Amino acid sequence: VEVKIEVVIPEKERSKEEMSSNGKASPLIYKVNGTARHYHLEEHPIASNPYHNPKDVVEASVCHVKDLENGQMREVDLGCGKALLIKESGEFHAVGHKCPHYGAPLVKGVLSKGRVRCPWHGACFSICTGDIEDFPGLDSLPRFQVKIEKEKVYIRASKQALQTQRRTKMMAKCISLSNYNLSSTNVLIIGAGAAGLVCAETLRQEGFSDRIVMCTMDRHLPYDRPKLSKSMDSHAEQIALRPKEFFCTYDIEVLTEMQVAAVDVKSKIAVFKDGFKMEYNKLLIATGNTPKTLSCKGKEMENVFNIRTPEDANRVVKLATSKNVVIVGASFLGMEVAAYLAERAHSVSLVELEHVPFKKFFGERVGRAVMKMFENNRVKFYMQTEVSELREQEGKLKEVVLKSGKVLRADVCVVGVGAVPATGFLKQSGINIDSKGFIVVNKMMQTNIPGVFAAGDAVTFPLALRNNKKVNVPHWQMAHMHGRIAALNMLAHGTEISTVPYLWTAMFGKSIRYAGHGEGFDDVVIQGDLDELKFVAFYTKSDEVVAVASMNYDPIVSKVAEVLAAGRTIRKRDVDAVVFLSFRTGDMSWLTGKGS
């Protein structure tokens with residue numbers, strides 16, 4: 001189904017026109033040349049008539065109007081699928097009951113001020129429209145019709161929507177793509193991770209119908225990168241964020257195995273490693289980071305890996321099965337790889353410079369609890385030491401020698417000692433880069449160069465949660481939001497980033513969830529039982545809670561994220577009393593300011 005929308009720009013707006021890089025005027029936000037232009041929108045199901053096929057519709061009575069109080073949610077069964085029924089401010093709403101990201105039950109999430117937040121990874125959805133408002137994930141929730149008759153609540157829904165539990169937002173398509181010069185584009189996106197993809201999708205969702213080109217050094221279309229260390233057997237097509245057909249349908253061009261070597265911001269030209277040049281009008285730099293390598297003898301030998309691609313992860317699993325694995329670095333990647341290989345390898349040894357894993361991030365007590373869990377699953381730690389040499393036999397890795405003098409048998413070595421921003425190609429560009437190599441952006445993801453934006457792991461940006469301190473937050477959720485904010489501001493929306501950082505790690509079937517930004521915390525207030533791995537940890541700086549982490553305590557992290565997102569402050573003195581007690585009872589009144 002195609003919906004045609006005619007856009008005519010008034011005479012007084014024509015002076016603000018901005019031409020596309022190929023000399024042709026661009027539609028909508030990038031204005032037109034005084035003539036009427038068309039673009040096409042697609043959505044399944046079409047919002048204006050979501051039930052055009054009567055056979056695809058089901059209607060059912062799901063409860064009495066008095067069964068739900070304000071602020072309550074209920075998962076209801078319509079016979080051929082379930083929906084999430086919500087009552088807020090006296091009105092009922094119905095949307096999909098599963099988070100489109102990984103399928104979390106939203107009824108166990110957090111309802112606050114017109115949106116529901118996922119209990120697992122923090123994605124947020126409007127209860128009125130189903131639209132995704134915070135990430136991770138790409139799709140929105142389906143929205144269902146609700147009516148009240150004789151004190152009963154009825155839901156009318158599409159059977160297909162009940163089964164899929166996801167909805168792709170309406171998007172524009174590119175007009176007259178065949179007329180474009182191949183060496184020019186209106187929007188060029190360097191990097192095809194979460195930030196780059198969300199930027200491209202947001203542009204289309206907002207009606208932008210000029211050319212969009214994404215380029216990546218990877219050989220694959222955008223994929224779910226966190227799964228490289230959490231689900232190492234997954235192949236690229238299994239973890240693809242969008243199928244190939246999606247990019248064709250919405251005219252988002254992806255150039256794979258293409259590396260940008262330099263950017264000329266004055267001429268608005270990106271120069272690729274092979275000599276190819278592409279003009280752009282707007283530029284997003286979302287190149288992510290580059291993993292650090294070891295500096296010792298033998299670092300280049302076979303079977304030593306930085307896990308960067310699905311092929312890397314697959315190869316490690318194959319080589320590690322029933323063999324000896326040494327992992328260097330108790331980073332998130334290193335720990336997740338150790339957990340994944342523990343049941344598959346003959347032995348897993350982990351080498352780390354600190355005396356406790358995750359000490360700087362989760363604190364010493366939580367780090368020790370996690371370390372004990374790993375030791376109970378046959379992972380051997382070698383702490384407060386480094387690798388001095390990798391030894392080979394017949395061209396393959398055989399031993400890892402530590403500075404402590406210990407020699408570890410090793411058939412495979414995985415290096416997870418951190419990363420640096422992939423911004424070396426920008427050194428002569430004039431784009432502002434800080435002393436650590438991060439691109440400096442403002443709240444709208446703009447660099448110091450007009451028309452040049454940056455997003456994802458390679459940037460520092462003002463974090464509202466920490467009084468606009470410039471920070472680097474290399475998390476999957478944040479990359480999504482960076483991409484969206486950049487796209488909106490390419491279209492001159494003037495939108496500032498205000499999201500609360502949210503991350504998770506998965507090890508041995510358990511997850512640690514984390515919200516906020518705890519850098520520089522000076523105390524940790526822990527509730528629950530660390531030995532039983534059922535706890536919540538509040539990270540404080542002076543008197544203020546700046547972050548929270550939990551294991552087996554859902555949805556407490558999502559609740560705290562909502563509090564922080566609302567601009568409210570949690571004091572250290574509140575943790576033991578009001579805050580923690582309200583979590584245990586499920587009372588969210590304090591969130592809206594009604595609690596004591």
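This table checks each residue for (1) among the small types (Gly, Ala, Ser); (2) farther than 30 Å from MET232 by Cβ; (3) out of contact with any Gly (no Cβ under 6 Å at 6 or more places or on another chain); (4) not assigned by the TED database to the domain that holds LEU402.
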| residue | (1), (2), (3), (4) |
| --- | --- |
| LYS266 | no, yes, yes, yes |
| VAL271 | no, yes, yes, yes |
| MET278 | no, yes, yes, yes |
| LYS299 | no, no, yes, yes |
| ARG308 | no, no, yes, no |
| ASP312 | no, no, yes, no |
| ARG315 | no, no, yes, no |
Residues of segment 105-117 being crowded, with 22+ Cβ neighbours inside 10 Å and in contact with a His (Cβ under 8 Å, 6 or more places away or on another chain), which ones? LEU106
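Conditions (1) within 21 Å of LEU488 (Cβ to Cβ); (2) out of contact with any Gly (no Cβ under 6 Å at 6 or more places or on another chain), marked per residue:
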site	(1), (2)
ALA172	yes, no
LEU188	yes, yes
ALA194	yes, yes
ARG204	yes, yes
SER209	yes, yes
PRO222	yes, yes
LYS230	no, yes
Selection from segment 125-183 of residues that are open to solvent by less than 50 Å² (accessible area, probe 1.4 Å), farther than 29 Å from ALA561 by Cα and among the aromatic types (Phe, Trp, Tyr): TYR180
Can ILE252 be described as farther than 27 Å from ALA313 by Cβ, at pLDDT 95 or above and not assigned by the TED database to the domain that holds GLY395? no
Which count do you get for residues in segment 363-390 that are out of contact with any Phe, Trp or Tyr (no Cβ under 8 Å at 6 or more places or on another chain), crowded, with 21+ Cβ neighbours inside 10 Å and under 14 Å from MET335 (Cα atoms)? 1
Can you confirm whether segment 461-472 contains a residue that is out of contact with any helix residue (DSSP H, G or I) (no Cβ under 8 Å at 6 or more places or on another chain), of a type outside the set (Ser, Thr, Tyr), open to solvent by less than 10 Å² (accessible area, probe 1.4 Å) and not assigned by the TED database to the domain that holds VAL557? yes
Show the residue pairs that are 6+ apart or on different chains and have beta-carbon atoms under 9 Å apart, the first residue being within segment 567-578 and under 13 Å from PHE538 (Cα atoms) and modelled with pLDDT under 85, the second being open to solvent by less than 60 Å² (accessible area, probe 1.4 Å) and not hydrophobic (A, V, I, L, M, F, W, C). ASP576/GLN527
Looking only at segment 201-231, count every residue that is under 15 Å from ASP251 (Cα atoms), touching a residue at least 40 places away in the same chain (Cβ under 8 Å) and part of a helix (DSSP H, G or I) and tell me the total. 4
Scan segment 534-552 and report the pairs whose first residue is within 20 Å of LEU463 (Cβ to Cβ) and whose second residue is open to solvent by 10 Å² or more (accessible area, probe 1.4 Å) and basic (Lys, Arg), with Cβ atoms within less than 6 Å and a gap of 6+ or a chain change. THR540/LYS572; ASP543/ARG571; ASP543/LYS572
So the check is Cβ under 7 Å with 6+ separation or different chains; which pairs have a first residue in segment 490-506 that's touching a residue at least 60 places away in the same chain (Cβ under 8 Å) and a second one that's of a type in the set (Lys, Arg)? MET490/LYS282; TRP504/ARG513; ALA506/LYS230
Any idea which of (1) of a type outside the set (Gly, Ala, Ser); (2) farther than 18 Å from GLY363 by Cβ; (3) out of contact with any Leu (no Cβ under 9 Å at 6 or more places or on another chain) is the one VAL500 doesn't satisfy? (3)
Please work out if VAL452 is β-branched (Val, Ile, Thr), crowded, with 19+ Cβ neighbours inside 10 Å, within 18 Å of the chain's Cα centre (by Cα) and not assigned by the TED database to the domain that holds VAL563. no
Being of a type in the set (S, T, N, Q) and out of contact with any Ser or Thr (no Cβ under 8 Å at 6 or more places or on another chain) is the filter here, so list the residues in segment 127-166 that pass it. GLN145, SER158, GLN160, GLN163, THR164, GLN165
Considering residues of segment 273-300 that are of a type in the set (S, T, N, Q) and exposed (fewer than 15 other Cβ atoms within 10 Å of the Cβ) only, the residue nearest to ILE439 (Cα to Cα): THR293
How many residues are within 19 Å of GLN163 (Cα to Cα) and either among the hydroxyl-bearing types (Ser, Thr, Tyr) or open to solvent by less than 70 Å² (accessible area, probe 1.4 Å) (or both) if we restrict to segment 59-74? 3
Tally the residues that are over 19 Å from ARG308 (Cβ atoms) and either among the hydroxyl-bearing types (Ser, Thr, Tyr) or surrounded by 18 or more Cβ atoms within 10 Å (Cβ to Cβ) (or both), restricting the search to segment 400-419. 7
The correct count of residues that are farther than 16 Å from LEU408 by Cβ and of a type in the set (A, V, I, L, M, F, W, C) in segment 343-363 is 4
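The values are calculated or read from the model by the stated rules, or taken from the named source; none is laboratory data. Note that the structure is predicted; figures quoted are calculated from it, not measured. Every residue, glycine among them, receives a Cβ derived from its backbone with ideal geometry; neighbour counts consider all protein chains shown. Each accessible area value is taken on the protein alone, full model and side chains, heavy atoms only, with ligands, DNA and RNA left out. Shrake-Rupley method; radii C 1.70, N 1.55, O 1.52, S 1.80 Å.
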